[in-house]
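A short worksheet on the structure shown next.
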(Lines give C-alpha, C1' and ligand atoms only; values in the text may rest on other atoms or scores of the structure.)
Protein backbone atom coordinates (compact mmCIF):
# COMPACT_ATOMS: atom_id res chain seq x y z
CA UNK A 1 0.00 0.00 0.00
CA UNK A 2 1.28 3.45 -0.88
CA UNK A 3 0.23 6.91 0.23
CA UNK A 4 0.76 9.46 -2.52
CA UNK A 5 0.44 13.04 -1.36
CA UNK A 6 -1.65 15.45 -3.41
CA UNK A 7 0.36 18.60 -4.14
CA UNK A 8 -1.46 21.95 -3.92
CA UNK A 9 -0.68 22.90 -7.53
CA UNK A 10 -1.56 19.52 -9.05
CA UNK A 11 -4.79 20.46 -10.84
CA UNK A 12 -5.19 17.04 -12.50
CA UNK A 13 -4.66 15.34 -9.13
CA UNK A 14 -7.16 17.67 -7.44
CA UNK A 15 -9.75 16.85 -10.11
CA UNK A 16 -9.03 13.12 -9.70
CA UNK A 17 -9.31 13.38 -5.90
CA UNK A 18 -12.60 15.28 -6.18
CA UNK A 19 -14.11 12.68 -8.51
CA UNK A 20 -12.97 9.78 -6.32
CA UNK A 21 -14.19 11.49 -3.15
CA UNK A 22 -17.60 12.26 -4.63
CA UNK A 23 -18.03 8.65 -5.83
CA UNK A 24 -17.05 7.07 -2.51
CA UNK A 25 -18.96 9.58 -0.37
CA UNK A 26 -22.14 9.26 -2.47
CA UNK A 27 -22.08 5.47 -2.28
CA UNK A 28 -21.44 5.41 1.46
CA UNK A 29 -23.44 8.37 2.77
CA UNK A 30 -26.55 8.60 0.58
CA UNK A 31 -28.21 5.78 2.59
CA UNK A 32 -27.14 7.37 5.90
CA UNK A 33 -27.95 11.08 5.46
CA UNK A 34 -29.87 11.17 2.18
CA UNK A 35 -28.77 12.37 -1.23
CA UNK A 36 -29.86 16.00 -0.71
CA UNK A 37 -27.64 16.55 2.35
CA UNK A 38 -24.86 14.45 0.87
CA UNK A 39 -24.84 16.44 -2.38
CA UNK A 40 -24.76 19.65 -0.33
CA UNK A 41 -21.82 18.38 1.75
CA UNK A 42 -19.91 17.19 -1.33
CA UNK A 43 -20.36 20.70 -2.72
CA UNK A 44 -18.95 22.19 0.49
CA UNK A 45 -16.05 19.81 1.03
CA UNK A 46 -15.13 17.73 -2.03
CA UNK A 47 -15.27 19.91 -5.13
CA UNK A 48 -11.94 20.80 -6.76
CA UNK A 49 -12.34 24.33 -5.37
CA UNK A 50 -12.99 23.03 -1.85
CA UNK A 51 -10.04 20.63 -1.96
CA UNK A 52 -7.79 23.37 -3.36
CA UNK A 53 -8.80 25.63 -0.45
CA UNK A 54 -8.23 22.90 2.11
CA UNK A 55 -4.75 22.23 0.71
CA UNK A 56 -3.98 25.95 0.98
CA UNK A 57 -5.00 25.80 4.67
CA UNK A 58 -2.71 22.92 5.61
CA UNK A 59 -4.74 19.81 4.83
CA UNK A 60 -2.66 16.89 3.58
CA UNK A 61 -4.56 14.74 1.09
CA UNK A 62 -3.27 11.32 0.07
CA UNK A 63 -4.31 8.84 -2.57
CA UNK A 64 -4.28 5.36 -1.03
CA UNK A 65 -3.03 2.94 -3.65
CA UNK A 66 -2.51 -0.78 -3.80
CA UNK A 67 -0.54 -2.31 -6.64
CA UNK A 68 -0.84 0.94 -8.58
CA UNK A 69 -4.61 1.34 -8.34
CA UNK A 70 -6.59 3.78 -6.22
CA UNK A 71 -8.41 2.11 -3.35
CA UNK A 72 -9.26 5.18 -1.27
CA UNK A 73 -8.00 8.45 0.16
CA UNK A 74 -7.05 10.24 3.36
CA UNK A 75 -6.91 13.86 4.50
CA UNK A 76 -5.63 15.21 7.80
CA UNK A 77 -4.08 18.30 9.37
CA UNK A 78 -2.76 19.40 12.78
CA UNK A 79 -5.34 21.08 15.00
CA UNK A 80 -5.16 21.98 18.71
CA UNK A 81 -2.41 19.50 19.62
CA UNK A 82 -3.91 16.59 17.69
CA UNK A 83 -3.88 15.37 14.12
CA UNK A 84 -7.42 15.91 12.87
CA UNK A 85 -8.43 13.12 10.50
CA UNK A 86 -10.86 14.76 8.10
CA UNK A 87 -11.16 12.04 5.43
CA UNK A 88 -10.65 8.28 5.77
CA UNK A 89 -12.31 6.46 2.90
CA UNK A 90 -12.06 3.26 0.89
CA UNK A 91 -14.05 2.13 -2.11
CA UNK A 92 -16.79 -0.30 -1.08
CA UNK A 93 -15.05 -3.32 -2.63
CA UNK A 94 -11.88 -2.57 -0.61
CA UNK A 95 -13.57 -2.42 2.80
CA UNK A 96 -13.26 -5.29 5.25
CA UNK A 97 -9.82 -6.34 4.01
CA UNK A 98 -7.80 -4.94 6.91
CA UNK A 99 -6.59 -1.85 5.05
CA UNK A 100 -7.93 0.54 7.69
CA UNK A 101 -5.19 -0.52 10.15
CA UNK A 102 -2.41 0.27 7.66
CA UNK A 103 -4.05 3.58 6.78
CA UNK A 104 -4.43 4.52 10.45
CA UNK A 105 -0.82 3.55 11.17
CA UNK A 106 0.18 6.05 8.46
CA UNK A 107 -1.91 8.79 10.11
CA UNK A 108 -0.48 7.96 13.54
CA UNK A 109 3.08 8.04 12.19
CA UNK A 110 2.43 11.50 10.71
CA UNK A 111 0.92 12.71 13.99
CA UNK A 112 3.92 11.50 15.97
CA UNK A 113 6.38 13.02 13.48
CA UNK A 114 4.56 16.34 13.96
CA UNK A 115 4.91 16.03 17.75
CA UNK A 116 1.16 15.67 18.30
CA UNK A 117 -0.35 13.73 21.19
CA UNK A 118 -3.54 12.34 19.62
CA UNK A 119 -5.60 11.68 16.50
CA UNK A 120 -9.15 13.05 16.47
CA UNK A 121 -12.02 12.74 14.03
CA UNK A 122 -15.74 13.24 13.65
CA UNK A 123 -17.98 10.44 12.43
CA UNK A 124 -21.70 10.47 11.78
CA UNK A 125 -23.47 8.69 14.63
CA UNK A 126 -25.25 6.36 12.17
CA UNK A 127 -22.14 5.50 10.18
CA UNK A 128 -21.06 1.84 10.23
CA UNK A 129 -17.46 3.13 10.45
CA UNK A 130 -18.07 3.81 14.15
CA UNK A 131 -17.22 0.14 14.79
CA UNK A 132 -14.05 0.43 12.70
CA UNK A 133 -12.78 3.38 14.72
CA UNK A 134 -13.58 1.59 17.98
CA UNK A 135 -11.67 -1.47 16.77
CA UNK A 136 -8.69 0.79 16.00
CA UNK A 137 -8.63 1.97 19.63
CA UNK A 138 -10.55 5.24 19.38
CA UNK A 139 -12.99 6.31 22.09
CA UNK A 140 -15.86 8.78 21.96
CA UNK A 141 -15.00 11.99 23.80
CA UNK A 142 -18.20 13.91 22.99
CA UNK A 143 -21.06 14.32 20.55
CA UNK A 144 -21.60 17.31 18.29
CA UNK A 145 -24.49 18.57 16.21
CA UNK A 146 -23.17 21.16 13.78
CA UNK A 147 -25.32 23.38 11.57
CA UNK A 148 -23.70 23.32 8.12
CA UNK A 149 -26.29 25.54 6.43
CA UNK A 150 -29.34 25.08 4.21
CA UNK A 151 -31.18 23.35 7.06
CA UNK A 152 -28.62 20.51 7.30
CA UNK A 153 -26.76 19.27 10.37
CA UNK A 154 -23.84 16.98 10.99
CA UNK A 155 -24.77 14.75 13.96
CA UNK A 156 -21.45 13.26 15.00
CA UNK A 157 -19.41 11.43 17.56
CA UNK A 158 -15.99 12.96 18.17
CA UNK A 159 -13.45 10.18 18.54
CA UNK A 160 -9.95 10.48 20.00
CA UNK A 161 -6.97 8.17 20.05
CA UNK A 162 -4.27 9.22 22.51
CA UNK A 163 -0.74 8.50 21.31
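The values are calculated or read from the model by the stated rules, or taken from the named source; none is laboratory data. Note that this is a predicted model, so its numbers are computed, not measured. Cβ placement follows ideal geometry from the backbone for every residue including glycine, while neighbour counts extend to all protein chains displayed.
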Next on the checklist: Only one of 65, 112, 142 is surrounded by 12 or more Cβ atoms within 10 Å (Cβ to Cβ), in contact with a strand residue (DSSP E or B) (Cβ under 7 Å, 6 or more places away or on another chain) and either assigned to a loop (DSSP other than H, G, I, E, B) or at pLDDT 95 or above (or both). Can you tell me which?
Outcome noted: 65
Checklist entry - Within region 36-47, is even one residue touching a residue at least 12 places away in the same chain (Cβ under 8 Å) and more than 21 Å from residue 150 (Cα to Cα)? => result no
Next on the checklist: Quick check on residue 116: is it under 15 Å from the mean Cα position of the chain (by Cα) and within 21 Å of residue 59 (Cβ to Cβ)?
Outcome noted: no
Checklist entry - If we scan region 84-93, do we find a residue that is touching a strand residue (DSSP E or B) at 6+ places or on another chain (Cβ under 9 Å) and in a loop (DSSP other than H, G, I, E, B)? => result yes
Checklist entry - If you go through region 14-32 one residue at a time, do you hit one that is surrounded by fewer than 13 Cβ atoms within 10 Å (Cβ to Cβ), out of contact with any strand residue (DSSP E or B) (no Cβ under 9 Å at 6 or more places or on another chain) and assigned to a strand (DSSP E or B)? => result no
